[in-house]
1. Taking the stated definitions as given, is B:L85 more than 14 Å from chain A (Cβ to nearest Cβ), part of a helix (DSSP H, G or I), open to solvent by 50 Å² or more (accessible area, probe 1.4 Å) and in contact with a Ser or Thr (Cβ under 9 Å, 6 or more places away or on another chain)?
2. Pick out the one residue from B:F128, B:F156 that is touching a residue at least 40 places away in the same chain (Cβ under 8 Å), at the interface with another protein chain (Cβ under 10 Å from one of its Cβ atoms) and under 30 Å from A:T272 (Cβ atoms).
3. Test B:S75 against the stated conditions and say whether it is at the interface with chain A (Cβ under 9 Å from one of its Cβ atoms) and more than 21 Å from A:V23 (Cβ to Cβ).
4. Please work out if B:M191 is at pLDDT 90 or above, open to solvent by less than 20 Å² (accessible area, probe 1.4 Å) and either away from every other protein chain (no Cβ under 12 Å) or touching a helix residue (DSSP H, G or I) at 6+ places or on another chain (Cβ under 9 Å) (or both).
5. For the range A:79-102, give me each residue that is more than 8 Å from chain B (Cβ to nearest Cβ) and either farther than 18 Å from A:N175 by Cβ or of a type in the set (V, I, T) (or both).
6. I'd like to check something: does the range A:253-261 contain any residue that is closer than 25 Å to A:V150 by Cβ, more than 10 Å from chain B (Cβ to nearest Cβ) and at pLDDT 90 or above?
7. Looking at the range B:215-235 only, could you name the residues that are away from chain A (no Cβ under 12 Å) and part of a helix (DSSP H, G or I)?
8. What are the pairs with Cβ atoms under 6 angstrom where one residue, in the range A:6-34, is among the aromatic types (F, W, Y) and assigned to a helix (DSSP H, G or I) and the other, located anywhere, is open to solvent by less than 70 Å² (accessible area, probe 1.4 Å) and modelled with pLDDT of 90 or more? Sequence gap at least six, or different chains.
Amino acid sequence: MRVQGAFQRYLNRSGWFFVAPAVILFVVFMAYPILSSLYLVTRRWKGLTDSFIGLGNFARMLNDGLFWHALGNNFVLMVIQVPIMIALALIFAVMLHHGIRRFRGLFRLILFLPAITSLVAYSILFRILLQTNGLANNLLMQMGLLQQPVAWLNDPLLANITIIVALTWRWTGYNMIFFLVGLQNIDPEIYEAAEVDGASKIGQFFRITLPLLVPVILFSLVTSTSGTLQLFDEPNVLTNPNQSQLSGPTMTAALYIYRQAFQVSSDFGYATTMSYVIVLLAGILAFIQIRFLGGRNK
Amino acid sequence: MSQVRARFSYARVFLYLILSVVSFLCVFPFIWMVLGMTLNPNEVVKGTLIPGDQFLVNWGKATGPYNLLLFGFNSLFIAVVTVVLGVTVNAMAAYGFDKFHSRAREWLFGVFLLTLIMPQIAVILPLFRLISAFGILDTYWAIILPFTMSAFVIFFLRQNFQMFPKEIVEAARVDGAGELRIFTQIALPSMKAGIASAAILMFITQWNSYLWPLITILSDKTKTLPLAMFSMVNAYTVEYGGLMVIITVSLLPVLIVFLAMQKHFVAGLVGSIK
């Protein structure tokens, strides 16, 4: 027994040895900052000095129309962009998997290509393409679809459309890859049986493909929603280049928080307080993910 | 697939037509970007789609006044050091969690996973104060250290280590091998695919990182490529040709890794964040 105990202790020590570097980095750069934010939310900064204000930051947040407006934008983008992207990703995945045989690999590669770009790089490319005097306007005018250039990046409605188009360009192929993997896991015999029973292709899609892909679709839905909730790079680069501006048609919550903390007021207490709302929403999304996706895997 | 037969049908022609149009839309910004490297600023904006003769001029601007080589080196240094340190630290942790069970460590692993849902904006505010208290703002370490340990990479590698039989570890232990030696000489070499995916994931995350460097990098000497292009496009006069050179250079390493290691690349990217 004593030998056994010594061996267990040896194993336990070895285990701690392997995880120690990660644990140290985790404590310093993740756990401590998160815990210290509990202190930050109770402070108010004026210039370089800060003082205790209790729940004052929360009260201020509730009355901050610009913040709720920005968060509202996140939801608008989410509700419109995510379904469009997931529908397209699903359509392309089914096209590649069931519709064609030749060049399947090539199309898959090309459709995934946008996903390798950095968010800043593709946002800059879109910004230049969509400038008032840019290629998009020139092309549309030459084709006779526009009489005069339009402000893709500044007009409230058009700027939102721009962000939606950009996000869809960047992420459709990425989500399509998940759906393709999902499709590969469906037994072809199910389709053969349906074929024998005389089910149409459309019928097969709604009766077989879609129900069997529900877990993958939910996964895409949750990750995309969570990504849109944290949207920062695209609106900062593409549609809100003026760094000291706190409102705009495509201002998002993360961008508003960043500008409050680093561009406009450097009030970290208030910025941290607002970030708690995003944490809360992300937590709810994660809960949904575990509840619905985790349950399915059992 | 049984339902795909090599017969002619209008439906199939239609599918290929749609996919070709979509492919064109996916590729077009890249083509326009590469052409842009050879054009003068005016032509880039207008959307000239034939190659020009300004490549050397644009290259000269990118590498001269716009410091492409310095910023490229900064990006590369940060990404490579993060990968080397990160893969070591995270692979060790994944191995430790998977091959040495204890209730305390299992609990810790759960806490790690919990932080995966933390939105970046919520972490960086207090993290910025910490980094600034350490006095390492505007250094490479400000960007490397906080992103060396990655809960996702540990989770990902642990999944991989689960496929590595515990019996082999036990057999090597009976033969008198030390724990570190079992890890470096037996476990790690059998995990090349997982390690490659993890390395690609960490490289791309750091290479493309924007928000955190935007906050912690204050001077040109530590600036990375995403920041360089961001300040270029926000300048009063935008040097579009040079900008296209910088963007193309920033995409090249990712593109090369993607084409060379598609399978590992996709596995790695699946873990990256929006």
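The values are calculated or read from the model by the stated rules, or taken from the named source; none is laboratory data. Keep in mind that what you see is a predicted model, and the values were worked out from it rather than measured. In this analysis, Cβ positions are derived from the backbone assuming ideal geometry, glycine residues included, and neighbour counts consider all displayed protein chains. These accessible areas exclude ligands, DNA and RNA; they are computed on the full protein's heavy atoms, side chains included. Shrake-Rupley method; radii C 1.70, N 1.55, O 1.52, S 1.80 Å.
1. no
2. Numbers: B:F156 fails: at the interface with another protein chain (Cβ under 10 Å from one of its Cβ atoms).
Unique residue meeting the criteria: B:F128.
3. no
4. no
5. Across the range A:79-102, the qualifying residues are A:V79, A:I80, A:V82, A:I84, A:I86, A:I91, A:V94, A:R102.
6. no
7. The answer is B:D220, B:K221, B:T222.
8. A:F18/B:M92; A:F18/B:Y95; A:F18/B:G96; A:F26/B:M149; A:F29/B:P146
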